[in-house]
Amino acid sequence: MKDSSKVILVTGATSGFGKAAALYLAGLGHKVYGFGRSVESTTREAGGNLTMMRMDVNDSSSVNDAISAVLAAEGRIDVMLAAAGLGLGGSVEDVTIAEAKALFETNVFGAMRTVKAVAPVMRGQKSGLIIFVSSIGGLIGLPFQGLYSSTKFAVEGLAEAMSMELRPFGVDVVIAEPGDFATGFTANRVKAVASESADSDYKEAYRRAMRNIEKDENSGYKPDVFAIAISRIINSRRRKLRYMIGSPLQKSSVFIKKVLPSRLFERIMAWYYTGSR
Ligand SMILES: NC(=O)c1ccc[n+]([C@@H]2O[C@H](COP(=O)([O-])OP(=O)(O)OC[C@H]3O[C@@H](n4cnc5c(N)ncnc54)[C@H](OP(=O)(O)O)[C@@H]3O)[C@@H](O)[C@H]2O)c1
């Protein structure tokens, strides 16, 4: 292991952002541990630098077992990239509490479980970097992805607070905020049963919004762009709290939200996604 090489943990490493980042970072010579539910047994990839292990972020013992196994092998953890997550399409009214809770379980409590497991290790080392994966949808409430947006708004608050709490221990927290990317996210998005039903009063607007959302994602950047951005964050000496990663248009939408009157911004967003104002 080279002096500059780090022990990097990546959740959601079986697909999309996590997979691209795990492979890219392993290719740079880092010792990477990638996790996902669909990993059947622990395997070595990428010339031995990437170890894939099973982890379900919804299950505390699965998270703790995997982190303990890494610690036993490496004795330290330098970086945690919390990329496991999923989407949910549907109007807020149509989404059931059970559907919403399932989403929060992975996107918010799953991220919380993983960072809670590594934070004591990093505090003990007096060094470490935790990267939460939020979204531009964690800065702007997206129509027909309201519950998804609210999980990412929650991640933003969690990460902001944790950053202040961990800084005195020498641990850095940053938030990666991607725009639309072409990953497994689109196909894996859960759809609220009631919004999919022909009885939903939202069905026309929902269908138009979903078509536009999926079109933007499918024509979005490849996840390699995310992987390179994450590597730069890891190498940076003075890190920002937030890194937006995406097309100039998507990044500028966050700036436009800040400067336009809220109701005007809302009308532009509603028109963009559903064609109505
Ligand atoms: N793609 C986009 O446009 C976009 C934009 C902004 C933010 N994001 C965020 O980026 C993150 C990664 O998404 P992606 O685009 O890479 O989607 P993806 O291709 O669908 O990958 C999602 C990953 O999360 C893992 N995962 C899901 N539930 C899990 C669980 N309970 N336990 C452990 N792992 C779990 C999946 O692995 P297993 O199925 O093997 O468990 C998979 O590796 C998500 O937080 C998403 O919200 C995506």
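Read the figures in this text as sums done on the coordinates, not as results from a lab. All of these numbers come straight from a predicted model, not from anything done at the bench. Cβ sites come from the backbone with ideal geometry, for glycine too, and all protein chains shown count toward neighbours.
Between Ala198 and Gln125, how many nm apart are label points set 7 Å from Cα along the C-beta direction?
Here the answer is 5.7 nm between the modelled labels.
Quantify how much of the Cα-Cα distance distribution of the range 1-151 extends past 19 Å, in percent.
Working: 5983 of 11325 pairs.
So the pairs more than 19 Å apart make up 53 percent of the total in the range 1-151.
Among residues other than Asp180 whose Cβ falls under 14 Å from its Cβ, what is the net charge (Lys/Arg +1, Asp/Glu -1)? It would help to have the intermediate numbers written out before the result.
Details: positive: Lys152, Arg189, Arg211, Lys215, Lys222, Lys251; negative: Glu177, Glu214, Asp216, Glu217.
Its environment carries a net charge of +2.
Two-decimal Rg/Rh of the chain from alpha-carbon positions, Kirkwood Rh?
Values: Rg = 18.8 Å, Rh = 19.2 Å.
My calculation of the ratio gives 0.98.
Among rounded, prolate and oblate, which fits the range 1-54 when a ≥ b ≥ c are the square roots of the eigenvalues of its C-alpha gyration tensor, a/c under 1.5 means rounded, and a/b larger than b/c means prolate? Working shown, then result.
Numbers: a/c = 2.16, a/b = 1.61, b/c = 1.34.
Judged from the Cα gyration tensor, the range 1-54 comes out prolate (a/c at least 1.5, a/b above b/c).
Return the long-range amide H neighbours of Val39 (sequence gap of 5 or more, or a different chain), with a cut-off of under 5 Å between placed amide H atoms.
Counting only residues 5 or more places away or on other chains, the set is Met55.
Answer with one residue from Ile130, Ala159, Tyr221: the one whose Cα lies farthest towards the positive end of the charge dipole of the range 7-249, charges on Cβ with Lys, Arg +1 and Asp, Glu -1.
Farthest along the dipole direction, towards plus: Ile130.
Can you give the helix-only mean residue ellipticity at 222 nm for the chain, where every DSSP H stretch with n ≥ 4 adds -39500 (n - 2.57) and the sum goes over all residues, rounded to the nearest 500 deg cm²/dmol?
Numbers: 11 runs with 133 residues, N = 277.
Result for the chain, helices only: -15000 deg cm²/dmol.
To the nearest 20 debye, what is the magnitude of the charge dipole of the range 1-55 about its Cα centre, counting +1 on the Cβ of each Lys and Arg and -1 on the Cβ of each Asp and Glu? It would help to have the intermediate numbers written out before the result.
On the way: 7 positive and 3 negative charges, 13 e Å.
It comes to approximately 60 debye.
Tell me which residues come under 5 Å, amide H to amide H, from Val190 once H is placed; ignore anything under 5 positions away on its chain.
Hits under the 5 Å cutoff: Gly87, Leu88, Gly89.
Would you work out the charge dipole size for the range 7-249 about its Cα centre, treating the Cβ of every Lys and Arg as +1 and the Cβ of every Asp and Glu as -1, and quote it to the nearest 20 debye?
940 debye
For the chain, what does the relative contact order come out to in percent, with C-alpha contacts under 8 Å and a separation of six or more? Don't skip to the answer; put the middle values down first.
Details: 521 pairs, mean separation 52.4, N = 277.
Value for the chain: 19 percent.
For the range 115-247, compute Rh as the Kirkwood radius over C-alpha pairs and then the Stokes-Einstein diffusion coefficient at 10 °C and 1.306 mPa s; write the answer in µm²/s, rounded to an integer. The partial results should precede the final answer.
Numbers: Rh = 16.5 Å.
Here the translational diffusion coefficient equals 96 µm²/s.
Calculate one ³J(HN,Hα) per residue across the range 32-46 by plugging θ = phi - 60° into the Karplus curve 6.51 cos²θ - 1.76 cosθ + 1.60, and present them in order as whole Hz with x for glycine and proline.
Using θ = phi - 60°, the values come out as 10, 10, x, 10, x, 6, 7, 7, 7, 8, 5, 9, 9, 9, 6 Hz.
HN-Hα J couplings of the range 245-258 from phi, Karplus 6.51/-1.76/1.60, θ = phi - 60°, integer Hz, Gly and Pro as x?
10, x, 6, x, 4, 5, 5, 5, 4, 5, 5, 4, 4, 5
Farthest toward the dipole's positive end in the chain, which of Pro143, Leu241, Gly75, given Cβ charges of +1 (Lys, Arg) and -1 (Asp, Glu) about the Cα centre?
Comparing the listed Cα positions along the dipole, Leu241 ranks first.
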